[in-house]
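A.B. asks: Have a look at the structure that comes next, please.
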Amino acid sequence: MQSKPCASCKFRERYENNPRSLLGRLWRWHTGWCPGWNIYMKSLSEEEQNTLRAHLAELDARRRA
């Protein structure tokens, strides 16, 4: 089974550890148009998608604070 690179992305890890980091912000920006991220999100169940979206929204709020 092929692993999902978005689940273990080092740039995503940086964003989760420090949403204000340059590489983390770059990762977050690119999720808006990245075809791989869209495929990854579609591969998740609806519950997992909602959980991930809520987690990212929380990190976005932390970045803006």
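A.B. asks: Quick one: how many residues across segment 16-42 are in a helix (DSSP H, G or I) and in contact with a Cys (Cβ under 9 Å, 6 or more places away or on another chain)?
C.D. replies: 6
A.B. asks: Something else now. Here are some residues: Gly36, Gly32, Gly24. Which one is touching a Lys or Arg at 6+ places or on another chain (Cβ under 6 Å) and not aromatic (Phe, Trp, Tyr)?
C.D. replies: Exactly one of Gly36, Gly32, Gly24 is touching a Lys or Arg at 6+ places or on another chain (Cβ under 6 Å) and not aromatic (Phe, Trp, Tyr), namely Gly24.
A.B. asks: Among residues belonging to segment 13-51 that are hydrophobic (A, V, I, L, M, F, W, C) and within 18 Å of Ser3 (Cα to Cα), point out the one that is surrounded by the fewest Cβ atoms within 10 Å (Cβ to Cβ).
C.D. replies: Going through the qualifying residues, I end up with Ile39.
A.B. asks: Let me ask something else. Condition (residue is part of a helix (DSSP H, G or I), out of contact with any helix residue (DSSP H, G or I) (no Cβ under 9 Å at 6 or more places or on another chain) and touching a residue at least 24 places away in the same chain (Cβ under 8 Å)) applied to segment 49-63: is it met by at least one residue?
C.D. replies: Yes, that holds for at least one residue.
Every read-out reported here was derived from the displayed coordinates using simple, explicitly stated rules and does not represent laboratory data. Note that the structure is a prediction, hence the values are computed from the model and not measured. Cβ atoms come from the backbone with ideal geometry, glycine included; neighbour counts cover every protein chain shown.
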